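Read the structure below first, then the notes.
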Amino acid sequence: MTEAPMRRTRAGHGDDSIYWDKSKNRYIGAVSLGYTPAGKRNRPKVSGKTKAEVRQKLRELKKQLAVGGKTDANYTVTQAVTDWLSQGLKGREAASVETYKSLAENHIVPQLGRGRLRDLEADDLDEWLEAEAEVLATKSLQMVHSILRRSISHAQRRGRAVRNVAELVDVPEGKPGRPSRSLSLQQGEAVLRAKEGTWIHAYVVLSLLVGVRPEEARPMTWAHVHLTSPREEKPHVDVWRSVRRHGDTKTRKSRRSLAMPRQTVVVIKAHKRREQAACRAAGKEWSDERLLFPTETGELRSALNVRRNFRSLLKEAGFEEPEKWTPRELRTSFVSVLSDHGIPIEVISRLVGHSGSGTTERVYRKQLRPVISEGAEAMDDIFGDDEDAAEGGAREEA
């Protein structure tokens, strides 16, 4: 006598359910928790590419549900994000806080903000992330997801959330980010001639011909600039600071001293004379601790201020769309010009302060034509010679 096949029964209260969602091209897992006071089924969901992944996420979900207590039924996503932005970012740099606020206000609050945090489901976040992937680059999309995840974690630690649904979803690929660009030789020469005699011209010459980062140039003081040296060293700048927290450079290898090409020395000397004259005119005492590129009141320039002045310089240099360029691309151009001139990528990596040549090769180097030898000597060969420097010095003295 053959045994009758067992009938499949419906999942009971608290049982797991895993099924394939063709529209999402993913497996969906759900736990049944009965009904909400409004009569709606309470089925928290997770999703994944495989059943094994979904089972793991379901186990994590059930752990979170098991340790949960009473939560604020009316606590919204906007409140969670706002609380994290105001309480969870102590000690962070102001620029980072502003970035987080901007991303939250533009990409989380408008789409998810009104919803109650306890009602937020994985399906909701999957749909939200897929929509945001159409307008955000992958890195920005990851940051937005991180803000939401950390906001919910902050709420959990304060007893306002049972589970962190943001930990149960995957971040899709976003739009390709805007690739950095490099100045052509002709553009570089035009940029080096624009707005001569101004601080932004000196800033551009230092950035393009020496390769310092924007966040390294803004806090640089005259104590870090060595136009003459008793030990027969070449004129150089000490790249020892940045606008990052505690003034540290980006990495240990970012702390470096870089020789200046002749053209840079001429321009920086003239810039120093102008700054000293302005200091005397204001009745103030000169100090080498003064900033290299200060505001009119002697304070640190913001990134926005530098970017605005840089684009004004590009406009004078004849660029049709100066708003599409950023000061950081002066550094990209520095790497590309040296690379195209035959300088080994390992040497360029040391000049720009990279820990290895991989980043330099992958991100910064953009091959240029036409062809225009190490560091400062190469830039002297590319953008000028002794006669050019002498003529520039004569113009400044005049």
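Rule-based calculations on the coordinates, nothing more; no lab input. All figures in this text were calculated on a predicted structure; none of them were measured in a lab. Reconstructed Cβ throughout: ideal geometry from the backbone, glycine too, with neighbour counts over all protein chains shown.
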Report the label-to-label distance for Ala223 and Arg193 in nanometres (one decimal), using points 7 Å from each Cα along the Cα→Cβ vector.
4.0 nm
In debye to the nearest 20, how big a dipole does the range 16-168 give about its Cα centre with +1 on each Lys and Arg Cβ and -1 on each Asp and Glu Cβ?
720 debye
Quick one: Ser312, Ser336, Ser23, fewest Cβ neighbours within 10 Å first, how do they rank?
Ser23, Ser312, Ser336
So if we plug the beta-carbon distance of Lys49 and Asp238 into 1/(1 + (r/R0)^6) with R0 = 41 Å, what FRET efficiency do we get, rounded to 0.05?
0.20
Length added when fully stretched, Asn74-Asp288, from 0.36 nm per residue minus Cα-Cα
71.3 nm
Relative exposure of Tyr203, Tyr27, judged by other C-beta atoms within 10 Å (fewest first)
Tyr27, Tyr203
Any residue on another chain or 5+ positions along whose placed amide H is under 5 Å from the amide H of Lys45 is listed here as Ala122, Asp123
With x for Gly and Pro, the residue-by-residue ³J(HN,Hα) of the range 74-87, computed from phi through the Karplus equation 6.51 cos²θ - 1.76 cosθ + 1.60 at θ = phi - 60° and given in whole Hz, is 9, 6, 9, 4, 4, 5, 5, 5, 4, 5, 5, 4, 8, 10
Amide H of Val239: which non-local residues (sequence gap of 5 or more, or other chain) have their own amide H closer than 5 Å, using H built in the peptide plane?
Arg256, Ser257, Leu258
Per 0.36 nm of contour for each residue apart, how much would the distance between Asp83 and Glu320 grow if the chain were fully extended, relative to their Cα-Cα spacing?
80.9 nm
The range 16-168 shape via C-alpha gyration tensor axes, a/c threshold 1.5
oblate
Quick check: residue separation of Lys63 and Ser146 times 0.36 nm, minus the Cα distance between them. What number comes out in nm?
27.8 nm
Nearest 20 debye, what's the magnitude of the dipole of the range 151-204 about its Cα centre given +1 on Lys and Arg Cβ and -1 on Asp and Glu Cβ?
340 debye
Within a 10 angstrom radius of the beta carbon, how do Glu321, Glu105 rank from fewest other beta carbons to most?
Glu321, Glu105
